[in-house]
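See structure below.
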Amino acid sequence: MTTKSILIVDDEIYMVGLLEKILTKEGYKTIPCHSGREAIETIQSGQKVDLLISDLKMPHVAGIDVIEIARGNDIPTIIVSGGVGTDTHIRHLKSLGYTIPDSEFIYKPIKIDLLLTLVKSKLANKN
């Protein structure tokens, strides 16, 4: 079985490091990015990405823009976001027509068991 590659994008360096530690311990290959622009470049480079885990609120290039590019490349996504205004931000995105299923969303601080369950589910559904 080939190792699955997970692209992690968050402007919080600590969060990227935490997700990398959790996922590599589970045997996944991680591709860390600290900006939406960097994540889009990674996807468009043709590098193998089996799953995207992205924050929503990032400077310059928002997570929703990264998610749209990922979906256009048939890459499943998990959104990890939190903080003041997150619910309002999600309602606004949905009102603009963006589809954000609850099965793709995890609030910060993350629950590791939930994260791993979603990762396994998304990767299983991709096959």
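Taken together, the values in this text are just the output of simple stated rules run on the coordinates, not laboratory data. The structure displayed is predicted, hence computed values, not measured ones. With ideal geometry, Cβ positions are generated from the backbone for all residues, glycine too; neighbour counts draw on all protein chains shown.
With the dipole of the chain worked out from charges on the C-beta (+1 for Lys and Arg, -1 for Asp and Glu) around the Cα centre, which of ILE13, ILE110, SER35 lies farthest toward the positive end?
ILE110
Once the piece of chain linking THR3 and LYS57 is laid out straight, how much longer is it, given 0.36 nm per residue of separation minus the C-alpha distance between them?
Once the chain is fully extended between THR3 and LYS57, it gains 16.5 nm.
Taking only C-alpha pairs under 8 Å that are 6+ residues apart, what is the relative contact order of segment 5-122 in percent?
It comes to 23 percent, rounded to a whole number.
Near the amide H of VAL80, under 5 Å away, which other amide H atoms are found, from residues 5 or more places off or on another chain, if H is placed in the peptide plane?
Residues meeting the criterion, in which the H sits 1.01 Å from N, are SER54, ASP55, LEU56, ILE106.
About the Cα centre, and with charges only on the beta carbon of Lys, Arg (+1) and Asp, Glu (-1), how big is the dipole of segment 5-122? Nearest 20 debye, please.
200 debye
Taking R0 as 22 Å, what's the FRET efficiency between TYR14 and LYS120 from their Cβ-Cβ distance, rounded to 0.05?
Efficiency at R0 = 22 Å is approximately 0.35.
Would you calculate, for the chain, the mean residue ellipticity at 222 nm contributed by helices, counting each DSSP H stretch of 4 or more residues as -39,500 (n - 2.57) and dividing by all residues, to the nearest 500?
-13500 deg cm²/dmol
Taking R0 as 22 Å, what FRET efficiency do you get between ASN73 and LYS25 from their Cβ-Cβ distance, rounded to the nearest 0.05?
In this case the efficiency is close to 0.25.
Roughly speaking, what is the stretch gain from SER45 to LYS111, that is 0.36 nm per residue apart minus the C-alpha to C-alpha distance, in nm to one decimal?
20.6 nm
So which residue, out of PRO59, PRO76, PRO32, gets the largest mean-square fluctuation from a GNM of the chain using Cα contacts under 10 Å as springs?
PRO59
If amide hydrogens are placed 1.01 Å from N in the peptide plane, which non-local residues have theirs closer than 5 Å to the one on ILE75?
Long-range HN contacts for ILE75: none found.
Over all directions, how big on average is the projection of the convex hull of the alpha-carbon atoms in the chain, in square nanometres?
Averaging across all directions leaves 7.3 nm² for the Cα convex hull.
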